[in-house]
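To start, the structure itself, in structure tokens.
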Amino acid sequence: MNPGAGVENLLKEAQAITGGQPEVIRDNIVKSIYDASAQLAGATVSYTWGERVDRDRQIDNILTSPLWGFPIMFAVLAVVFWVTISGANYPSAFLSTQLFWLQDRLNELFWALHAPEWLRGVLVMGAYRSLAWVVSVMLPPMAIFFPLFTLLEDAGYLPRVAFNLDRCFKKAGAHGKQALTMCMGFGCNAAGVIACRIIDSPRERLIATLTNNFVPCNGRFPTIIALAGLFAAGSVSVSLGGLLATFCVASLVVFGVAVTLAVSWFLSRTILKGTPSSFTLELPPYRKPQVGQVLVRSILDRTIFVLGRAAVLAAPAGGLVWLMANITLGHSTVLAVAAGYLDPLARLMGLDGFILLAFILGLPANEIVLPILLMSYLAGGAMVEAGSLAELRNLLVVQHGWTWLTGLCTVIFALCHWPCGTTLFTIQREQKNWRWTLLAAVIPAAVGMLICMTVTALARVLHLV
């Protein structure tokens, strides 16, 4: 007897009854299993958690409802970002002060040793300054975001997020668990790529890996937040400005989720064709998070791990940027010459050559994109930091002619461009295939260029700039 033939006949009969809808068959089978289990447990086991189970179901009726589920998700996302943005300011400023104080001491040491100027420039003003930027900008948001994210996970809310988004990803030909890997990408896309291991199907795991970069990591948040504060919140009060900037960042994240779904749909119908695998998610009970374990796990396993990888890649990039800003070809630096070559393409995207070059040179770590851009504009020969929002507005808008379109396209390209070196390295480690690693860089870059070019063309046709 062939058991497989019997199962196949049963499936055919079930498809005939349900009109050939696999999801209906799956849901009916799972429901019958749980109903039978509940009857069996009720006959043999007594427990006193009825009130707790009822309370969990009442909460789920709200958090997973078609009406309230998505607005609550957006509100929770906005609160997490607001806490991260507001809470990271002070420790980031403190770290920046201490690390750049150490930079001055290193300069004094090199001068005392009569070291060559180019050596001091490459090692201190380039490599060390880049490393200081990454640590001061990246560490505080990660140290806040990862514990908050893990607390939501430990409390049982993230499975509800996956439940709400499961239908969207299923329609896109992807896996419902991709919602969880996407959430991990908010902290770090490299961590999101590693989280794709929870998806059993190789095809759907690859879709999740190739699209994880469309959610902004904490390395891209500084650029996005600064420009949101400059263009969206620059004309309102400080208190309202923070809320408006948070709303803009949260809206941009929603846009990134929409792009993720669109690209997943495209991949599932072209190079990664296939039928979405079944995904039955059992919602765990709500529970009180283990705060101590959450802090240890999120700081050691996630924050320090990701920061270490980023630092290893950022330091050499800083040295390279310093050399490009100080080596001249004729009357221009190598940095200016490279920006000139990129300028025609950048103008089609609503950018300029220096902006596009900053993204290219920021490949090792997204945290250094903005300082590279400021250094290029100021021609200071080392990565610099704008002292205030007013100084940043004067530099970008007044001195270099940025418009709302420039800011919008820069933010869009910050969201949709190639992954950082850490993420690409992680993709290569996970997939063990250079073809998929290259495609993981090409897909978001092509999508970002296409969106920017479309927005720029529409703005110019409608005479909005």
Cα-based Rg then Dmax for segment 125-258, in Å, read 16.6, 50
Sorted on mean Cβ neighbours within 10 Å (highest first), peptides 65-72, 411-418, 192-199, 447-454 come out as 411-418, 192-199, 447-454, 65-72
The extension gain from ASP54 to ARG460, computed as 0.36 nm times the residue separation minus the Cα-Cα distance, is 140.5 nm
Placing each pseudo-label 7 Å from Cα in the direction of the beta carbon, LEU102 and SER65 end up separated by a distance in nanometres of 5.2 nm
Stretched fully, the stretch from PHE94 through VAL312 gains (0.36 nm per residue minus C-alpha distance, one decimal, in nm) 76.3 nm
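Averaging sequence separations of C-alpha pairs under 8 Å and six or more residues apart, then dividing by the length of segment 406-465, give the relative contact order as a whole percent. List each step's numbers first, then the result.
On the way: 39 pairs, mean separation 26.2, N = 60.
Taking the mean separation of contacting Cα pairs over the length of segment 406-465, I get 44 percent.
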HN-Hα couplings for segment 203-215 via Karplus (6.51, -1.76, 1.60; θ = phi - 60°), in whole Hz with x for Gly/Pro, come out as 5, 6, 5, 5, 4, 4, 5, 6, 10, 5, 6, 7, 9
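Between ILE304 and LEU450, what is the FRET efficiency for a Förster distance of 22 Å, r being their Cβ-Cβ separation, to the nearest 0.05?
Values: r = 37 Å, r/R0 = 1.67.
Calculated transfer efficiency: 0.05.
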FRET efficiency (LEU283, ALA75; Cβ distance; R0 25 Å; to 0.05) is 0.80
Largest-first ranking of ARG347, ARG203 by accessible area, probe 1.4 Å, whole protein assembly kept, is ARG347, ARG203
Karplus ³J(HN,Hα) for segment 71-80 (6.51 cos²θ - 1.76 cosθ + 1.60, θ = phi - 60°; Hz, whole; x = Gly/Pro) runs x, 5, 4, 5, 5, 4, 4, 5, 5, 4
Whole-Hz Karplus couplings 3J(HN,Hα) for segment 146-156, θ = phi - 60° and coefficients 6.51, -1.76, 1.60, Gly and Pro as x, run 4, x, 4, 4, 5, 5, 4, 5, 5, 6, x
Beyond 29 Å (Cα-Cα) in this structure, taken from LYS171/LYS288; LYS177/LYS273; LYS177/LYS432, we find LYS171/LYS288
Zone reached by a paramagnetic label modelled 7 Å from ILE271 Cα along Cα→Cβ, restricted to segment 185-204 with backbone N below 17 Å, covers 202-204
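The values are calculated or read from the model by the stated rules, or taken from the named source; none is laboratory data. Here the structure is a predicted model, which means the values were calculated and not measured. As a convention, Cβ positions derive from the backbone with ideal geometry for all residues, glycine included, and neighbour counts pool all protein chains shown. For the accessible areas, the whole protein counts, side chains as well, though only heavy atoms, and no ligand, DNA or RNA atoms are used. Shrake-Rupley method; radii C 1.70, N 1.55, O 1.52, S 1.80 Å.
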